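Visitor: My structure is below; once you've seen it, I'll send some questions.
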Amino acid sequence: MRKTQEILIAIDWTDISMSGGTSNSQQLSSAVLLSSTEGSRHQLDFYDYGDDYVTSATHSRISLWQCFVGCRHKMNQQIARRRVEQGLRLYNKNKQKAAILKWQGALKQIRKKNDRFILLGYLYHAYIGFGKYRQSLEFAHNQLTIAEEMDSPNLRAEAYLNLAKAHERMGNLEKAFSYARHSLYNECDHCRTAGLVQITVGSLHLELATFCKALQAFQQAHTIAQRIQDRSLELQVYMCLSELFGRLQDTNKSAMYASKAYNLCRTLHVNELNSRYHRAALLQMATALQKQGELGDAHDYCSEATRLALVSGDQPCYARSIRIMGDIYRKKMEIGNAYRQYESAMTSAFSMGDRLCQMEAMDGVAKCLEILRNQQKICNCRPLEFNNKLLETANQVGAKLLMRAVRVRLCKICQSLGDVEQQAEHEKEIQRLEDELEMVCGSCNTPFGFEADSLEALPCTHILHARCVYDILRKKDKKKNRTCPDCEKVVTSKLYLQGGDSPHQSNYNTFNSSTALEASSIV
């Protein structure tokens, strides 16, 4: 007995190798689990050594050794479980750094693959919230490795989705598209994941200015959200639709969808997930109001979003909020304030590696310089240099609509300088970009999206002028079907993506610019 005790004392427990088995437990989405305010509701699946195992361990010295190893293993898993739950509570209290330390400690101990996948998802979303996109890629790649080892389509779909979202913010749109397509190829029975993939695909098309394809993806995401009654997914669709019509300069429709998103986010349960969507909805409202000229209300919404972003440590949201604040100051013709906001946004976006936000802030600076140039407060040299730099960045990302806008400014600068050759070159490139964008109404063959106008979409997701759509739907010739001028599909109404709204409410408008911003307790 004494010899046995001496042997046990001499054991170096840190050198014991512990390997976990596989689990057939239900595969849960880490994106959903991260928002849970009660970590114990989604317990990780740990080993449970039963009485038979302990009883059989007494039959031989080898079994006794295995019992000690098993008990040690179980203890470590329980400690890891406690750390994960502590991390969840810390994260929902906006203590992200402390939560990450807890999760990183738990990650070293958890061996079961399904549990590691979920925990890697926690870390991925936490780093995304900090704007550390390059570091988050490592967690997403580790998720993909586990998904391949487990041969799970659900886990593969989620891992590819995480990779796509990180590459999107970094401006690697081709890589993001590739990962998003791989996510779609994996038949996923988690409908929410499929909806998130469609939103990501639509957002990528939005950056490339392929608006009809973006609208098609948002339509599919909206269908999924309605089928599974996922209000947070529906909210994201409305924010994307607001951004789409905002870029096409239909300010009324952009404001309508922004208002729907904002009203919907206020009906969700109060937790970190709702807070994140709340901040995004506030910024979308600020953007829509700014484009409508409601600068006072836009300032209030943007200020509230900035405050919440600082409290929660949401760096991407903060960078976007100060960029939008720059847009508001620019509309007020407070160019000095606007310029400072844009410079801060560029610095923050550069530190995160967020090329899309950086590009948007650079565009704001270019617009400020254009105003100063037109006021003859600066010469043509600085706007010329800065717009050429922005054109290079937009070309690398593939943002054709921004490339056209920059070319238009460069064309005016060259005209002022009397450089006829360069002016002609820019005009040629503008025409080429407009041909590639295909932003032409199929009914009247005139462009849309370059000037403020009212637009509508048909169920086939082709976008036309609102007046042209109304003319098509008013046709009373029974011998001829009402068809889309682009694809010739039969249409009976315009496209409705408004939840439970009636298709007969053609004058539907939920947006009221006089609605006051209520102080939010959600942080």
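Visitor: Quick one: SER136 ticks every box in (1) at pLDDT 90 or above; (2) more than 29 Å from ALA176 (Cα to Cα) bar one, so which box is it?
Guide: Result: SER136 passes all but (2).
Visitor: Return yes or no: is SER242 open to solvent by less than 10 Å² (accessible area, probe 1.4 Å) and farther than 19 Å from SER203 by Cβ?
Guide: Values: open to solvent by less than 10 Å² (accessible area, probe 1.4 Å): yes; farther than 19 Å from SER203 by Cβ: no.
Criteria not met by SER242.
Visitor: Tell me yes or no: at least one residue of the range 139-146 is surrounded by fewer than 24 Cβ atoms within 10 Å (Cβ to Cβ) and touching a His at 6+ places or on another chain (Cβ under 6 Å).
Guide: no
Visitor: Which residue out of GLN236, GLN226 is of a type outside the set (Ser, Thr, Tyr) and either under 13 Å from the mean Cα position of the chain (by Cα) or open to solvent by less than 50 Å² (accessible area, probe 1.4 Å) (or both)?
Guide: From the options GLN236, GLN226, the qualifying one is GLN236.
Visitor: Still on this structure, I have one more. For the range 444-462, name all the residues that are touching a Cys at 6+ places or on another chain (Cβ under 6 Å) and surrounded by 16 or more Cβ atoms within 10 Å (Cβ to Cβ). Break it down into steps so the answer makes sense when it comes.
Guide: Filtering the range 444-462 down to residues touching a Cys at 6+ places or on another chain (Cβ under 6 Å) leaves 444, 448, 458, 460-462.
Within the range 444-462, PHE448, LEU458, CYS460, THR461, HIS462 qualify.
Visitor: Take LEU196 and tell me if it is over 23 Å from CYS460 (Cβ atoms), buried (at least 24 other Cβ atoms within 10 Å of the Cβ) and at pLDDT below 95. Spell out the reasoning first.
Guide: Working: over 23 Å from CYS460 (Cβ atoms): yes; buried (at least 24 other Cβ atoms within 10 Å of the Cβ): yes; at pLDDT below 95: yes.
Answer is yes for this residue.
Visitor: Now for a different question. Six or more apart or on different chains, Cβ under 9 Å: which pairs go from a residue in the range 425-445 that's acidic (Asp, Glu) to one that's not in a helix (DSSP H, G or I)? Could you list them?
Guide: If the second residue must be not in a helix (DSSP H, G or I), the pairs left are GLU434/VAL440; GLU434/PRO447; GLU434/PHE450; GLU436/ALA209; GLU438/THR210.
Visitor: Tell me the helices (runs of 4 or more DSSP H) entirely within the range 268-341 that contain at least 1 residues that are of a type in the set (Asp, Glu) and modelled with pLDDT of 95 or more.
Guide: 295-312, 315-331
Visitor: Quick check on the range 321-338. Is at least one of its residues free of Cβ contacts under 8 Å to residues at least 24 places away in the same chain, of a type in the set (Phe, Trp, Tyr) and surrounded by 18 or more Cβ atoms within 10 Å (Cβ to Cβ)?
Guide: yes
Visitor: Sticking with this structure for a sec: Restricting to the range 120-135, name every residue that is surrounded by 24 or more Cβ atoms within 10 Å (Cβ to Cβ) and more than 14 Å from the chain's Cα centre (by Cα).
Guide: Listed by number, the residues that qualify are LEU120, GLY121, TYR122, LEU123.
Visitor: Any idea how many residues of the range 482-515 are open to solvent by 50 Å² or more (accessible area, probe 1.4 Å), modelled with pLDDT under 70 and either β-branched (Val, Ile, Thr) or not in a loop (DSSP other than H, G, I, E, B) (or both)?
Guide: Qualifying residue count, the range 482-515: 1.
Visitor: Still on this model: Within the range 420-443, can you find the residues that are crowded, with 17+ Cβ neighbours inside 10 Å and in a loop (DSSP other than H, G, I, E, B)?
Guide: MET439, CYS441, GLY442, SER443
Visitor: If you don't mind, another one. If you take the residues of the range 342-382 that are open to solvent by 50 Å² or more (accessible area, probe 1.4 Å), over 27 Å from CYS414 (Cβ atoms) and polar (S, T, N, Q), which of them is nearest to the chain's Cα centre (by Cα)?
Guide: This residue is SER351.
Visitor: Given the condition out of contact with any strand residue (DSSP E or B) (no Cβ under 9 Å at 6 or more places or on another chain), modelled with pLDDT of 90 or more and either open to solvent by 50 Å² or more (accessible area, probe 1.4 Å) or among the polar types (S, T, N, Q) (or both), answer yes or no: does some residue in the range 470-481 qualify?
Guide: no
Residue-by-condition table, conditions (1) over 23 Å from SER348 (Cα atoms); (2) in contact with a Leu (Cβ under 7 Å, 6 or more places away or on another chain); (3) not β-branched (Val, Ile, Thr):
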site	(1), (2), (3)
TRP103	yes, yes, yes
ILE110	yes, yes, no
LEU119	yes, yes, yes
GLY129	no, no, yes
TYR133	no, no, yes
PHE139	no, yes, yes
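The values are calculated or read from the model by the stated rules, or taken from the named source; none is laboratory data. Bear in mind that the values here come from a model prediction, so they are computed numbers and not experimental data. Because the Cβ atoms are built from the backbone with ideal geometry, glycine has one as well, and the counts that use them run over all protein chains shown. Just so you know, the surface numbers come from the protein's heavy atoms only, side chains and all, with ligands and any DNA or RNA stripped out. Shrake-Rupley method; radii C 1.70, N 1.55, O 1.52, S 1.80 Å.
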